[in-house]
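The structure appears below as structure tokens.
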Ligand SMILES: Nc1ncnc2c1ncn2[C@@H]1O[C@H](COP(=O)(O)OP(=O)(O)OP(=O)(O)O)[C@@H](O)[C@H]1O
Ligand SMILES: [Mg+2]
């Protein structure tokens, strides 16, 4: 399914995929923003969630993480047989959903290690510090440094490391490459591939669509809060018309 028109809400699946969003609608106050989004991802896949500015990508991630705003008024969210749509933000985090927001939210006044330790406090306990430092050696080298003094790329690594400090099943990344040099983007890409190999499912929102598509298994394009494309990442890379129309690449 990859036509230009808005994709109609599919039938409610009898057996949801490992991670599945079905016909989700959400509002900021009176503003109707998420207008019937459905997504399906297999365990361990990476989904690139793309679209122009204001298409609703961040709102979709926040809706999935049960952030409270926007307010989800309709739809279902399933993760590994758990009904996430019935949960609040805290429960969704316990169910294994981690949102790494665009601004990364590194806690001021705390070292790298303290940022990670703080994340480890909340159950269920995820990775050990050693394991996080194995994945991100730069964080290990800078463990005593204040987190907010790290470079942009290192702060992104810390934000991802902090997500892994909990036992997560679904990693939601909002523009992780923003403002980063290509060499750092490449370093983070390699880590995301390692994370995929461990069976963690990822949704990546990125303006750098080419980089996201090269990493991803599947691709979804949003436009005004609806899904206008849903196919493999490779098919989108091969689809000049869709790339030009919605991604300007
Ligand atoms: N807190 C809010 N209150 C009201 N409207 C909002 C709020 N946050 C976002 N919106 C609106 O919702 C729409 C979708 O915004 P969203 O941030 O989800 O888009 P996006 O695809 O992430 O865009 P970008 O690429 O610029 O990050 C936009 O029209 C935006 O103005
Ligand atoms: Mg956004």
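Expressed as an acute angle from 0 to 90° and rounded to the nearest 10, what is the orientation of the C-alpha long axis of helix 182-197 relative to the principal long axis of the chain? Tilt of helix 182-197: around 80 degrees.
Remark: relative contact order (the range 130-249) = 18 percent; criterion is Cα-Cα distance under 8 angstrom and separation of 6 or more residues.
Each of 74, 25 was scored by other Cβ atoms within 10 Å of its Cβ. Listed from fewest to most, they are 74, 25.
Take every pair of alpha-carbon atoms less than 8 Å apart whose residues are at least six positions apart; their mean separation over the length of the chain yields a relative contact order of 28 percent. Entry note, the range 103-168: relative contact order of 52 percent, from Cα contacts under 8 Å with a spacing of 6+ residues.
When the chain is treated as a GNM with alpha-carbon contacts under 10 Å, the residue of 226, 202, 148 showing the greatest mean-square fluctuation is 148. Over the range 103-168, the ratio between the Cα radius of gyration and 2.2 N^0.38 Å evaluates to 0.96. Each of 28, 229 has some number of other Cβ atoms within 10 Å of its Cβ, and from fewest to most they run 28, 229.
P(r) tail for the chain: Cα pairs beyond 29 Å make up 27% of the total.
What separates the Cα centres of the range 148-171 and the range 180-249 is a distance of 19 Å.
Against the chain, whose longest principal axis comes from its Cα atoms, helix 152-164 is set at around 80 degrees. Taking the range 119-163 and a reference point 7 angstrom along Cα→Cβ of residue 89, the backbone N atoms nearer than 18 Å belong to 119-124, 159-160, 162-163. Counted by neighbouring Cβ atoms within 10 Å, the residues 177, 32 run from fewest to most as 32, 177. Within the chain, DSSP assigns beta bridges of which about 60% are antiparallel (rounded to the nearest 5). FRET efficiency for the residue 23 to residue 193 pair, using the beta carbon distance and R₀ = 45 Å, is estimated at 0.90. At 7 Å along the Cα-to-beta-carbon direction for both residue 234 and residue 110, put a label point, then send me their distance in nm to one decimal. Inter-label distance under the simple model: 4.2 nm.
Here, each number is a calculation from the coordinates, and none is a lab measurement. Just so it is clear, the structure is predicted and the values come from calculations on it, not from any experiment. A quick note on method: Cβ atoms are made from the backbone with ideal geometry, for glycine too, and the neighbour counts reach across all protein chains shown.
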